[in-house]
1. Those residues that are in contact (Cβ under 8 Å) with a residue 60 or more places away in the chain, open to solvent by less than 70 Å² (accessible area, probe 1.4 Å) and either touching a Gly at 6+ places or on another chain (Cβ under 6 Å) or not aliphatic (A, V, I, L, M) (or both), I need them from the stretch 59-95; list them, please.
2. Given the criterion at negative phi, among the aliphatic types (A, V, I, L, M) and surrounded by fewer than 20 Cβ atoms within 10 Å (Cβ to Cβ), identify the matching residue among Ala192, Ala249.
3. Tell me yes or no: at least one residue of the stretch 293-315 is of a type in the set (Asp, Glu), within 25 Å of Ile239 (Cβ to Cβ) and open to solvent by 60 Å² or more (accessible area, probe 1.4 Å).
4. For the stretch 265-303, how many residues meet the condition of being in a loop (DSSP other than H, G, I, E, B), more than 30 Å from Phe365 (Cβ to Cβ) and among the acidic types (Asp, Glu)?
5. Restricting the first residue to the stretch 289-301 and requiring it to be under 13 Å from Ile326 (Cα atoms), which pairs with a second residue that is assigned to a loop (DSSP other than H, G, I, E, B) and of a type in the set (A, V, I, L, M) meet a Cβ separation below 7 Å and a spacing of at least six or different chains?
6. In the stretch 4-21, how many residues are open to solvent by 20 Å² or more (accessible area, probe 1.4 Å) and either out of contact with any strand residue (DSSP E or B) (no Cβ under 8 Å at 6 or more places or on another chain) or at pLDDT 85 or above (or both)?
7. When you scan the stretch 96-105, how many residues do you find that are over 23 Å from Gln17 (Cβ atoms) and open to solvent by less than 60 Å² (accessible area, probe 1.4 Å)?
8. Which pairs do you get when a residue that is touching a residue at least 12 places away in the same chain (Cβ under 8 Å) and farther than 18 Å from Thr158 by Cβ, found in the stretch 185-209, comes within reach of a residue that is outside any loop (DSSP other than H, G, I, E, B) and open to solvent by 70 Å² or more (accessible area, probe 1.4 Å), reach meaning Cβ atoms under 7 angstrom, with the pair 6+ apart or on two chains?
Amino acid sequence: MLRVPVKKLKKGMILAQSIFNHHGASYLVKGQPITTSYIQQLEKLGIPTVTVTSADPNFQLMPPEDIVAEETRADAIEHVFEAFQETEHNGHLDVDMMENVSEKIIFDIIDRKANLVQLTDIRLHDTYTFGHSVNVAILASMLGMLCHYTKRDLQILTLGALLHDLGKINIPEDILTKNTRLTNDEFNVIKAHPLSGAKRIHVMEHELPKSSILAAIASEHHEHIDGTGYPRGLKGDKIHRYAKIVAIADVYDALTSERPYKKAYTPNIAHNIMCNITKGQFDPDLLKLFFNNVALYPEGTVLKTDYGFGIVKKSVFGKTETPIIIVFADLEGHHIEPYTLDLSQVEDGNKKIHLVIADNELRHFIHTLSFDPSVYLQQ
């Protein structure tokens with residue numbers, strides 16, 4: 001897969017990520033061929049880049065399936081938007097609607113449990129909160145399922161994840177959408193959202209099932225295992241287990257999403273940040289389980305390895321650091337007879353990966369080779 005500036009898109013390229021507005025409506029759905037009118041629409045929306053499955057518009061490669069259907073994601077975003085609006089205006093929540101959203105997410109994840117987390121979606125900066133809440137719910141539900149939670153426990157966890165940022169409706173829009181560094185005062189406003197979200201949930205305790213757990217998720221999802229989080233600096237077992245799960249999902253989605261002030265990190269970089277750079281913030285067992293089910297190198301990613309350049313053909317649960325690749329060029333970048341290599345079968349296979357080829361370099365590399373290695377993925 002390749003991230004391409006909108007101005008360099010070509011008619012026929014296949015979109016690898018859906019693009020949503022805050023109502024859950026898809027501006028474009030992944031798997032669609034790009035048309036001239038789509039390119040014009042993307043330019044009008046101010047979206048600078050999109051991910052496509054291949055640089056060759058004649059090669060109709062479909063994106064890998066994610067852990068939920070696009071319809072489920074779109075419906076969930078729409079309903080979360082409506083729920084947040086209702087809560088902001090009259091202090092009430094359509095609990096039945098939110099539970100139905102949770103049910104549908106859980107059903108999809110159970111139905112698609114063989115799928116890894118792949119590239120998800122693109123959200124416009126002023127609609128980030130709603131798409132983010134849905135992605136966090138999806139990721140938290142997946143992790144809860146991996147923990148073998150009962151369906152009822154999954155429902156509470158997923159609902160809590162959908163509502164984890166409810167307190168953000170108290171934050172002024174200009175702070176939420178600011179595209180430069182926050183001042184200390186502005187960051188303190190942001191840091192108030194866990195407790196204000198928990199307070200709103202407590203007010204609705206007669207409407208919400210297990211409201212004390214939902215409130216704990218809202219108030220504790222920014223706490224860290226080592227006590228360095230906020231708002232109360234809780235440590236270890238003082239943090240609710242569901243909040244520990246939502247914390248992992250929350251940070252992963254934030255890192256891998258594009259914001260006005262930063263580019264999206266690739267999944268392998270997010271993995272390194274969460275497992276090494278911020279080591280101590282997350283429950284290590286939950287973190288390991290989470291990344292066992294996330295494609296650190298999504299299908300179509302081009303890697304430089306000890307064996308040369310390869311394109312990721314498949315990632316497997318529990319072996320996400322060592323994908324199956326098709327090696328197509330030597331270390332100097334000269335084309336060779338392609339062959340398949342399972343890095344999990346190689347000693348220290350994860351250490352054989354040097355780097356992910358960045359989008360700008362990959363476009364140049366494809367131009368130099370005069371072909372796109374993604375053609376090997378259909379074989």
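1. Within the stretch 59-95, Phe59, Pro63, Pro64, Arg73, Phe84, Thr87, Gly91 qualify.
2. Step by step, each of Ala192, Ala249 is checked, and only Ala192 is at negative phi, among the aliphatic types (A, V, I, L, M) and surrounded by fewer than 20 Cβ atoms within 10 Å (Cβ to Cβ).
3. No, the conditions are met nowhere in the stretch 293-315.
4. The total comes to 1.
5. Gly300/Met1; Thr301/Met1
6. Here the count works out to 5.
7. Summing the residues that are over 23 Å from Gln17 (Cβ atoms) and open to solvent by less than 60 Å² (accessible area, probe 1.4 Å) in the stretch 96-105 gives 4.
8. As it stands, the answer is His193/Asn170; Ser196/Asn170, since those pairs meet every condition given.
The values are calculated or read from the model by the stated rules, or taken from the named source; none is laboratory data. As the structure is a prediction and not an experimental result, all values here were calculated from the model. Neighbour counts are summed over all protein chains in view; Cβ atoms, including those assigned to glycine, are modelled from backbone coordinates with ideal geometry. Side chains included, ligands, DNA and RNA excluded: accessible areas come from the protein's heavy atoms. Shrake-Rupley method; radii C 1.70, N 1.55, O 1.52, S 1.80 Å.
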